[in-house]
Each structure stands twice: as structure tokens, then as C-alpha cells.
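Take a look at the structure set out below.
Coordinate-derived values only; no laboratory data. The shown structure was predicted, so the numbers you read here are calculated from the model rather than taken from an experiment. With ideal geometry, Cβ positions are generated from the backbone for all residues, glycine too; neighbour counts draw on all protein chains shown.
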Amino acid sequence: MEKNFPELLQEANRCVACGLCLPHCPTYRKTLSEADSPRGRIALIKGVLEGRLAPSERFIGHLDLCLACRACENACPSHVSYGSLLDGIRPLVEAARAGSAWRRAAKRLLLRTVASPRGLSLMGRGLRGYQRWGGQSLARRSGLLRGLGLARAEAALPDLPPQRRWKEVYPAHGGQRGEVALFLGCVARIADGETLAAAIFVLTRLGYRVRVPKAQTCCGALHRRGGEPGAADELARRNLDAFAGLAVDAIVSTASGCGAPLGEYGATLGVEASGFAAKVEDVSRFLCRAQGWEEAKIQPLAATIAVHDPCSLRNVLHGEGAVYTLLGRIPRAHVVALPGNDQCCGGAGLYPLSQPEMAERLRDDKMEALRRCGAAFLATSNVGCAMWLKQGLQAAGLGIEVLHPVTFLARRMGFAGKC
Ligand code: SF4
Ligand code: SF4
């Protein structure tokens, strides 16, 4: 349930301004400005809610620079729910934001498109066609993208694979041990079908029947972050309906950026969603407690795999440990935590587009850590982080392959792209 302004103020008042969160905040670490710290942002939000401050451009700028990584929540002894404060103030921020009509229309179009499975599929096919049939090089050469202010967004697009069609049921191989439902996500469905197929491959080989409800849609995170809580709640309700009635052991998500909001449906929609939310589980965590491993054949991999902990997995789902356990199943693999894992990579949602400078500074830290740790591979459980880090590795000329942990495992079990 979205907090109303008196509730938001109550939440903000729980901050005792101790400052213990400050050293954990990536933007504060970079700017050393109180206004770019959690404590400073909470004070600003309080000022606006109490009517002492106007929601000025400066106010909006300090909130926009926040990554919503929620590292501050983990550090807070008063358990201030910073994430709900930030989400709760966003509609007010969006209403006060000055911006061109073109930008508003583009944002509306993007949010509408990701809200519809059909729209997503068309977008995926359209963008792949654009990349493959000469549109991309023409648009880049013509300067059109720069003129429309889309050059950065377009450059951030990964090479899109062919769009996959998902069956509604994937039977277990051998005897059936259990049944799970798979959440596809929106960006993952378009840009990282391989990870979804790898998850189905591993789950079915371990003896789990996998259900993929057709009517599922985007988790709503982009809409909530974009200051549209009504649209986010509507998407959440559509997902509740899509997964209703499935007697599954878990609703498995491969992208922690989707898993985190799905797991919070109970907090946003109330008791009607608590059963759904309780079943949501990150795929690595589910696989750690899954049965059937004794029969699985996993080929060794004599290489160092660095693990990047996405903020959504570490600070919200608290499930990062499962990734190390899962990758530890690969014989001879040397699995190490990427140094600096307590800091966001900068690839948070649309952050690289809205705050490119800070996003790049944070990614540079990751590139430096990767250079030093000598890894051949990088594992990350969130599609947004994977795309952002891949782009950074290419720009830095580092030949490190980025994969989802479940894709690593699936490949060592014989996965060649098809589930
Ligand atoms: S969410 Fe992250 S960037 Fe924002 S205030 Fe908290 S720690 Fe800082
Ligand atoms: S740690 Fe919690 S109580 Fe202390 S300043 Fe940060 S948000 Fe406020």
C-alpha cells in the first residue's frame, strides 16, 4: 500500500539523524555532500512534506542522484524504511519536475510498452530488426539520435538475441520432485532469454516441472520508480491473477531487480498479496535448497569466477550467499566475491541514462576491482547490472565474460541455449 503523506512524514520522523548510514551510501562516498546522503535526503523529504521547503530543482536533483540501492536501510539501527520513503515521495517529485513534453511522452510510451507482454514482444522484435537490418548504423551516422537526445539510451542497448516463445509448461526430466513457476520479467525477456532458458534447463533436469503463466507482466518497479504507483499496483494485481491457483513450491525469479519488488507485493498491496510474496524466491536461493543434485553431472571449470552482488539481491532479498553456494557446485571453479560488493555498480534501472556521470564513476570502481582480481568470468544475478557491466568491460577492453550464475551452472550441465 502506497504510504500517504502523513504516513511518509511519520516514517521520516523515525530517522534520529545518527549518521550511521552515511559511510554505506555510494553517492555520499563520492560527493561527501550531506544532501547526497540518506540522512540529508530524509531531512529534505521531511522539509517538503512539512511545507518548509519547496520541491525545487535542487531538491529533485538530490533525490534523482539517489540510486535506490537501499544500502542505507541495511545500516540503519532505527530501521527507517528509506525505500518506501523514496517511492512515496516520487509522485510529488514527478509532478514538480520541469521537463519537455517530448521527454514526458517518451517516458509514458516506455512505461506503457513494458506493461504489456505484446508490447514487449513487439519492442524486442522491432529493436532487433533495427540493430540487424541497417537502421542502427544509419541512425548513428545521421546524427538523428543526438538530435532527439536518444544517443546515450541507444548506445546502452545490448545486441538483442532472437525473441523466444515460452511454453506454459516444461515437464520435469525423469521423476517429478516438485513444481515451480517462473517469472519472466520485462527487460530479461527481451535482452536475456538465455538466462531464463538456463533456469528452466537446470530446474527440469533436477526434477522440477516449470510453469510459465502467459498472462504475467512487468513487476511494476519501473512504474513505481517513475512516480506512477497506481500503474505499478495495477501490474502487481495482474501478476497476482496470472499466478493465482498454481500450487507451486516457489515463484522463481532470475533477475533480482524483479524479485525484490515481487517479494514486496505484500507490503505494497496488503494481505491479498502476502501469499504470492511469500512464495517469491531468487532462482539461486531456490536451487540451493532444491533436491536432485546427487544425480546431476556438472563439468569442471578451472577458472576464477568473480561474483558481483546486485543491490536488490544483497540489500532487499538478502540472498547473495546462495550464489556462492550454487557456483561452488562447479568442480575446480574458484569463486570469489568482487571487492567492493557493498557498493552499487551504477546500473540501477534507468540510472545510467538519467545520471550518467555518477553511474560511470561507480562502474569505474567495478572495472578497477575486476582488473585486480584476475577473474575470467563475472557472475551477476540481475539483468540490468549485467548489461551495464558488460558495456563497461567492452569499453575498458577487458575480455571478461558476464553471465548469470544459473547460466554458468546450466552450461556445465550441458545447456547449449535450448531448454
Ligand atoms: S538508497 Fe543508496 S544512494 Fe540512496 S541514500 Fe540510500 S544508500 Fe544512498
Ligand atoms: S542510520 Fe537511520 S536513523 Fe541514522 S541517519 Fe541514517 S536513516 Fe537516519
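Things to note:
- Prolate/oblate/rounded label for the stretch 5-96 (Cα gyration tensor, a/c 1.5): oblate
- Under the Debye formula (equal points on every Cα, no solvent term), log10 I(q)/I(0) of the stretch 102-155 at q = 0.28, 0.29 Å⁻¹: -1.12, -1.12
- Qualifying trypsin sites (Lys or Arg not before Pro) for the stretch 81-188 [loop in DSSP, other Cβ within 10 Å: at most 11]: 165
- Overall form of the chain: rounded. Here a/c, set by the Cα gyration tensor axes a ≥ b ≥ c, is under 1.5.
- Taken over the stretch 239-301, the ratio of Cα radius of gyration to 2.2 N^0.38 Å equals 1.34.
- The stretch 298-412 - Kirkwood radius from inverse mean 1/r over Cα pairs (Å): 14.1
- Cβ-defined net charge surrounding residue 213, 12 Å radius [Lys, Arg +1; Asp, Glu -1]: +2
- DSSP finds beta bridges in the stretch 169-289, and of those with both partners inside it, around 15 percent are antiparallel.
- Selection among 137, 326, 385 by position relative to the dipole of the chain gives 137 as farthest towards the positive end (Cβ unit charges, Cα centre).
- Loop GluC sites (Glu not before Pro), the stretch 95-194 (other Cβ atoms within 10 Å of the site Cβ: 16 or fewer; DSSP): 168
- The Cβ shell under 11 Å around residue 72 holds other residues with a net charge of +2, Lys and Arg each +1, Asp and Glu each -1.
- Spherically averaged projected area in nm², based on the convex hull that wraps the Cα atoms of the stretch 75-117: 4.8
- Mean separation of Cα contacts under 8 Å (6+ apart) over length of the stretch 81-212, as relative contact order %: 24
- Under the combined filter of DSSP loop state and at most 14 neighbouring Cβ atoms within 10 Å, the stretch 1-88 retains these GluC sites (Glu not before Pro): 50.
- Relative contact order (%) - the stretch 341-419, alpha-carbon pairs under 8 angstrom, separation at least six: 28
- Listed pairs 390/418; 214/279; 167/366; 107/214 exceeding 30 Å between Cα atoms: 167/366
- The stretch 192-324 - percent relative contact order, Cα under 8 Å, separation 6 or more: 23
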